[in-house]
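K.L.:
Below is a structure I'd like to ask you about.
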Amino acid sequence: MEAYDIIRKPIITEHSMEQMAERKYTFEVDKRAGKIEIRKAIEEIFGVKVEKVTTMNVLGKEKRMGANSGMRPDWKKAIVKLTEDSKSIEFFEGLI
């Protein structure tokens, strides 16, 4: 897999914005990707040094429309902590 296949999109919520002060960034990633692959992909795409990667599987919610009900797909979330000497990710800088 290529780096852009592993990292799907950034997750921008109030909680993830608060974590940016601690140099933590949140992304939706491919379900099959491991922590080492996620680390290499982030370092390649953004040119930063990653200290720690925390992953979690998020279960899809049940959604209804009238009498019909279905499930949203399950997905994987990764929280990436950067080292102290690493630069920050510019993508998130304009969002604060």
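K.L.:
Which listed residue (Tyr25, Val50, Met1) has the Cα farthest towards the positive end of the charge dipole for the chain, taking +1 on Lys and Arg C-beta and -1 on Asp and Glu C-beta about the Cα centre?
P.N.:
Sorting the options by dipole projection puts first Met1.
K.L.:
Same structure again: Assuming R0 = 22 Å, can you tell me the calculated FRET efficiency for the pair Arg72 and Met1, based on Cβ-Cβ distance, to the nearest 0.05?
P.N.:
0.40
K.L.:
How much solvent-accessible surface does Asp74 expose, in Å² to the nearest 10, with a 1.4 Å probe and all protein chains in place?
P.N.:
Estimated to the nearest 10 Å², Asp74 gives 70 Å².
K.L.:
Pairs Lys40/Lys87; Lys9/Lys49; Lys61/Lys87: which exceed 25 Å Cα-Cα?
P.N.:
Too far apart for the 25 Å limit: Lys61/Lys87.
K.L.:
Moving to a separate point now. Can you tell me, using C-alpha contacts under 8 Å and at least 6 residues apart, the relative contact order of the stretch 42-88 as a whole percent?
P.N.:
Relative contact order, the stretch 42-88: 44 percent.
K.L.:
Label points 7 Å out from Cα along the Cβ direction at Thr55 and Ala21: separation in nm?
P.N.:
The answer from the label model is 3.0 nm.
K.L.:
Trypsin sites (Lys or Arg not before Pro), restricted to the chain: which are DSSP loop and have at most 15 other Cβ atoms within 10 Å?
P.N.:
Loop-located and lightly packed - Lys31, Arg32, Lys49, Lys61, Lys87.
K.L.:
I need the phi-derived Karplus couplings for the stretch 74-86: 6.51 cos²θ - 1.76 cosθ + 1.60, θ = phi - 60°, integer Hz, Gly and Pro marked x.
P.N.:
6, 8, 10, 10, 10, 10, 10, 9, 8, 6, 5, 7, 7
K.L.:
What dipole magnitude, in Debye to the nearest 20, does the chain give about its Cα centre under +1 on Lys/Arg Cβ and -1 on Asp/Glu Cβ?
P.N.:
480 debye
K.L.:
Given the Cα-Cα distance of Lys63 and Ser86 and 0.36 nm per residue of separation, how much length would full extension add, in nm?
P.N.:
4.2 nm
K.L.:
Which net charge results when you count Lys and Arg as +1 and Asp and Glu as -1 among the other residues whose beta-carbon is under 10 Å from that of Ile38?
P.N.:
Net charge in that neighbourhood comes out at +1.
The values are calculated or read from the model by the stated rules, or taken from the named source; none is laboratory data. Small disclaimer: the values here were computed from a predicted structure and weren't measured. A quick note on method: Cβ atoms are made from the backbone with ideal geometry, for glycine too, and the neighbour counts reach across all protein chains shown. Remember, those area values only see protein heavy atoms, side chains included, never the ligands or the DNA or RNA. Shrake-Rupley method; radii C 1.70, N 1.55, O 1.52, S 1.80 Å.
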